[in-house]
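Encoded as structure tokens, the structure appears first; notes follow it.
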Amino acid sequence: MRKNTPLPIPAYFRMQTVVREEIEKGRWKPGEAIPTERALAEEHRISIGTVKKALLNLTHEGYLYRIQGKGTFVAGTITRENLRYYRLMEHFGGIEAAMKIRFLSLTSVKCPEAARTCLGIGQKQPVFELRRLFIFDQRPVIYNISYLPEALFKNLGRLPETLFETTPLYIALENHYGLPTLHNQELFNAVPAGEEVAAILDVPKETPVLHIEMISFTYKDKPYEYRQAYCLTTRQKVFREI
């Protein structure tokens, strides 16, 4: 009786795995160019065609991006400006509203069910709850609550509070934990402001606000943040460029 022999792993797939692991280990930082296809082919003693296919697949997976005539670069938050922060404008082509961020609190909490489902973590796994307030023209406009797994962001509470006021959260997490934001998913709906939201945004209870739920993803399509935001849009509109 003939034994089943495992099928050989294609060379491009092996190369794809090697480059992916090097990115995840931090050999190349987000925004940094990786070696040329010829250099990688010589380093690993494979054909340039094999390298091309491996890099193309990693580009489709979101690990890399290419600039014609310049090379192939590691993808990351710094290559996706529209993921960094909320943007407010009165109309298309208008001037972006300059907002300040006020740190409210950072605590370790039992993960709410909605966040646990979106983050794909166990019931007993704790999360950090980060609350911040975005202010425009000395008035609160966005109340933001982020949930971050403690297993991914150890000692997050030791970072200075001012970091969360002066640096976009995506950039802070990428710089301190090496996890870039590759993409996110969002849900939008209008809701009446509850007691807590109304008090923080300084509006009457039941005032209509824009509610945004968001999940942020890093390498291997792993969710690392669940966020809820409550936005006042009476003077400014939320602007997103995709």
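Please treat every number below as a calculation from the coordinates, not as lab data. All figures in this text were calculated on a predicted structure; none of them were measured in a lab. Using ideal geometry, Cβ is built from the backbone for each residue, glycine included, and neighbour counts are taken over all protein chains shown.
Any idea how far apart Lys124 and Val18 come out in nm if each label point goes 7 Å out from Cα toward Cβ?
It works out to 4.2 nm between the two label points.
Would you please classify the overall shape of the range 11-75 from the alpha carbon gyration tensor, given that a ≥ b ≥ c denote the square roots of the eigenvalues, rounded means a/c under 1.5, and beyond that prolate means a/b larger than b/c while oblate covers the rest?
Working: a/c = 1.45, a/b = 1.24, b/c = 1.17.
Taking the square roots of the gyration eigenvalues as a ≥ b ≥ c, the range 11-75 is rounded.
Determine the gain in length on full extension of the stretch Arg158-Thr207; use 0.36 nm per residue of separation and subtract their C-alpha separation, reporting nm with one decimal. Could the numbers behind the result be given before it?
Numbers: separation 49, 0.36 × 49 = 17.64 nm, distance 3.61 nm.
This chain segment gains 14.0 nm when fully extended.
Set the Förster radius R0 to 35 Å, insert the Cβ-Cβ distance between Thr59 and Lys110 as r into 1/(1 + (r/R0)^6), and round the FRET efficiency to 0.05.
Details: r = 39 Å, r/R0 = 1.12.
Computed FRET efficiency for Thr59 and Lys110: 0.35.
Of the listed peptides 141-151, 33-43, what is their order by residue-averaged count of other C-beta atoms within 10 Å, with the highest listed first?
Working: 141-151: 20.8, 33-43: 14.7.
For the peptides 141-151, 33-43, the packing ranking is 141-151, 33-43.
Give me the distance in nm between label points sitting 7 Å out from Cα along the Cα-to-Cβ direction at Phe239 and Ile48, one decimal.
That separation, rounded to one decimal, is 4.3 nm.
At what distance in nm do the modelled label points of Asp221 and Gln68 sit from each other, each positioned 7 Å from its Cα along Cα→Cβ?
It is 3.0 nm.
Using the 2.2 N^0.38 Å rule of thumb for compact globular proteins, work out how the range 123-169 stacks up: its C-alpha Rg over that value, please.
On the way: Rg = 12.7 Å, N = 47, 2.2 N^0.38 = 9.5 Å.
Dividing the Cα radius of gyration by 2.2 N^0.38 Å gives 1.34.
Quantify how much of the Cα-Cα distance distribution of the range 79-238 extends past 24 Å, in percent. Spell out each step's value before the answer.
On the way: 4249 of 12720 pairs.
For the range 79-238, the fraction of Cα-Cα distances above 24 Å is 33 percent.
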